[in-house]
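The values are calculated or read from the model by the stated rules, or taken from the named source; none is laboratory data. All figures in this text were calculated on a predicted structure; none of them were measured in a lab. Cβ atoms come from the backbone with ideal geometry, glycine included; neighbour counts cover every protein chain shown. Note: areas computed on protein heavy atoms with side chains; ligands, DNA, RNA excluded. Shrake-Rupley method; radii C 1.70, N 1.55, O 1.52, S 1.80 Å.
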Amino acid sequence: VREMLDASGMAATPSTIIGRTGFLFTFLLFVITAAESFGLSAVSATVDSFIVFLPKVFAALVITLLGLFLAQIVGDTVRRATEGFGIDYAGGLGTTARAVVILIVVTLAVAQLEIDTGILQLIIGITMAVAGVAIALSLGLGTRRIATDIVSGVYARDDLQAGDQIEFESVCGEVLEVGAVMTVI
């Protein structure tokens, strides 16, 4: 528990958190008792509602702490794995993976508080869709020439063999190699 608190950036110790939570519950019980004995039913009902809501807050905090710990692990794992493959932007990929996990965790924590997350989910969905389209477009447009070469290579392998003589606009040559992306003449 201490490691998770450290990883999430909280300075409080588990015993401090438990002690403060116990004090808060005890204090609220005394407030309810005092309000009922003075006939302040509105105050008592409000504090009762707050006490019923506290376990949800506690569950949301636990989800958040576990999620932040998991996000750190996922981010580090992605960064180390991509560094192992020699990818230059490994740090950025690790940070992106961590941010995605944090977004999911925040959504789960807010849902635990029984707050409508429909708009939050819609915004996250639209953002991820826009990012996906942007990546698809950049890859599609950026690799257009390579894709053309690969398709040409497929057709060239069917029609040409190493050693074939070809002529194009009165220029003659010999096919040396027919590869997946290029043909050497």
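Structure summary
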read-out	value
On Cα atoms only, tilt of 144-159 relative to the major axis of the chain in degrees	40
Relative contact order of the chain, pairs being alpha-carbon contacts under 8 Å that are 6 or more residues apart, as %	13
Crossing angle, helix 90-112 versus the chain [Cα axis fit, 0-90 degrees, rounded to tens]	40
Accessible carbon and sulfur surface of the stretch 44-185 relative to its total accessible area, %, 1.4 Å	69
Between 0 and 90°, nearest 10: helix 41-84 axis offset from the chain longest Cα axis	30
With at most 14 neighbouring Cβ atoms within 10 Å, loop GluC sites (Glu not before Pro) (DSSP) excluded, longest segment of the chain	1-113
Gyration tensor (alpha-carbon) shape descriptor, the stretch 1-138, a/c threshold 1.5	oblate
Candidates 134, 60, 71: whichever shows maximal mean-square fluctuation once the chain is modelled as a Gaussian network with Cα springs under 10 Å	134
Relative contact order (%) - the stretch 135-185, alpha-carbon pairs under 8 angstrom, separation at least six	33
Choice from 153, 132, 75 with maximal GNM fluctuation in the chain (Cα, 10 Å cutoff)	153
Choice from 170, 44, 152 with maximal GNM fluctuation in the chain (Cα, 10 Å cutoff)	170
Helical mean residue ellipticity (222 nm; -39500 (n - 2.57) per DSSP H run of 4+; nearest 500) of the chain	-26500 deg cm²/dmol
In the stretch 1-99, trypsin sites (Lys or Arg not before Pro) in a DSSP loop with at most 14 other beta-carbon atoms within 10 Å	none
